[in-house]
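In what follows, a single structure is set out as structure tokens and then discussed.
The values are calculated or read from the model by the stated rules, or taken from the named source; none is laboratory data. Predicted model, so just to flag it, every value in this text is computed and none were measured. When we count neighbours, we look across all protein chains shown, and the Cβ atoms used for this are built from the backbone with ideal geometry, even at glycine.
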Amino acid sequence: MSDEPDRNIDLVEMPLEGLAAYWLSLKKLVGKRNIKALAEEAEYTPEPFVRYLLEACLSNLDAERFAAAAQARRQTCLDGLAVRLDLMRMALLDIAVAENPRKTLAKMTAQFDRTPLTEQEAFRLAQELAKVPADPKADHSVYFNVDHHIKPDQLMVTLLFYVMLARREGREACQGYFRFVNSSFFVDGLSLVIDGFDAPLVRKRMRVHRDAILAAVGRKADLSICMCRALRDRLEYEDMFTLAKAWMA
């Protein structure tokens, strides 16, 4: 195992073993320097939940408040992920049946207590997105990406574009954009839709897949909290390794 932590972490895509290795590498880093070395890690770590834990680890919160804050952040991250996966799932199901995009948007905006953007704004932006393929200077990997890190309003516009594209040109037209999409959840579902699987099967499959992702991310978040507390308590490397093994299958 490398002594330097790999900052390319993602609670959705990264396996549990890789996440455990990350935290153990942080222990080696702290052992060589001190707990303040986590400040640089927090600054350059892209994963929001892990970054928050590192920042909290350096705070003056007592153990009880640290645990409560970590659990609250865990739930916030899971809630945000659930919304994004549900937005993708709604779009996939509507692509499958060539749904009216206005109905798609109405279902997506219902996921929020306050609508992130109006119907007029959403369709204006989605229509502008439809002009991007004709622009040779445009970075398609930015405009057409679907990802669980994207802000909800931006994600809704991109998904609306795909629904509009499928209704106008057929769902097979979406296949040309696969290479721009980072979300394996969305690509897997869209592949089923394009291959002609019926909507009820896709609906059930994506719901089960969504729940599996949330459960797995919940376990990774719990592992991260446990390991971060161990760092905070200055446990020895061997003891942290013993903790990590408890999470392995």
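Every residue, every condition in (1) among the small types (Gly, Ala, Ser); (2) modelled with pLDDT of 95 or more; (3) in contact with a strand residue (DSSP E or B) (Cβ under 9 Å, 6 or more places away or on another chain), yes or no:
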{"residue": "Ala82", "(1), (2), (3)": "yes, yes, no"}
{"residue": "Met88", "(1), (2), (3)": "no, yes, no"}
{"residue": "Glu119", "(1), (2), (3)": "no, no, no"}
{"residue": "Val132", "(1), (2), (3)": "no, no, no"}
{"residue": "Val146", "(1), (2), (3)": "no, yes, no"}
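Here Val146 clears all of (1) in a helix (DSSP H, G or I); (2) within 30 Å of Tyr52 (Cβ to Cβ); (3) among the β-branched types (Val, Ile, Thr) except the condition numbered (1).
Selection of the stretch 67-125 for residues being over 18 Å from the mean Cα position of the chain (by Cα) and among the hydroxyl-bearing types (Ser, Thr, Tyr) yields Thr104, Thr109, Thr115, Thr118. Residues in the stretch 141-178 that are among the charged types (D, E, K, R) and surrounded by fewer than 17 Cβ atoms within 10 Å (Cβ to Cβ) were compared, and the one that is nearest to Leu190 (Cα to Cα) is Glu172. For the stretch 192-249, which residues satisfy the criterion of being in contact with a helix residue (DSSP H, G or I) (Cβ under 8 Å, 6 or more places away or on another chain) and polar (S, T, N, Q)? Ser224, the sole residue that qualifies. Helices (runs of 4 or more DSSP H) fully within the stretch 43-140 that include at least 2 residues being surrounded by 13 or more Cβ atoms within 10 Å (Cβ to Cβ) and touching a residue at least 40 places away in the same chain (Cβ under 8 Å): 48-57, 63-96, 101-109. Set side by side, the residues Arg102, Arg65, Arg114, Arg73 differ, and just one is within 24 Å of Phe185 (Cβ to Cβ) and either modelled with pLDDT of 95 or more or charged (D, E, K, R) (or both), which is Arg73.
Applying the condition of being of a type outside the set (Val, Ile, Thr) and in contact with a Gly (Cβ under 8 Å, 6 or more places away or on another chain) to the stretch 200-249 and asking which residue is surrounded by the fewest Cβ atoms within 10 Å (Cβ to Cβ) yields Tyr237.
Counting only residues that are touching a residue at least 60 places away in the same chain (Cβ under 8 Å) and crowded, with 16+ Cβ neighbours inside 10 Å, which one in the stretch 179-191 is nearest to the chain's Cα centre (by Cα)? Residue satisfying both the conditions and the ranking: Ser183. Does the stretch 56-75 contain at least one residue that is within 30 Å of Glu40 (Cα to Cα) and among the aromatic types (Phe, Trp, Tyr)? Yes, the stretch 56-75 contains a residue that is within 30 Å of Glu40 (Cα to Cα) and among the aromatic types (Phe, Trp, Tyr).
Does any residue of the stretch 143-162 turn out to be over 21 Å from the mean Cα position of the chain (by Cα), within 16 Å of Ile95 (Cα to Cα) and either hydrophobic (A, V, I, L, M, F, W, C) or not assigned by TED's automatic domain parsing to the domain that holds His209 (or both)? No, the stretch 143-162 contains no residue that is over 21 Å from the mean Cα position of the chain (by Cα), within 16 Å of Ile95 (Cα to Cα) and either hydrophobic (A, V, I, L, M, F, W, C) or not assigned by TED's automatic domain parsing to the domain that holds His209 (or both). Here Pro200 meets each of (1) in the same structural domain as Leu58 (by TED's automatic domain parsing); (2) in a helix (DSSP H, G or I) with one exception, condition (1).
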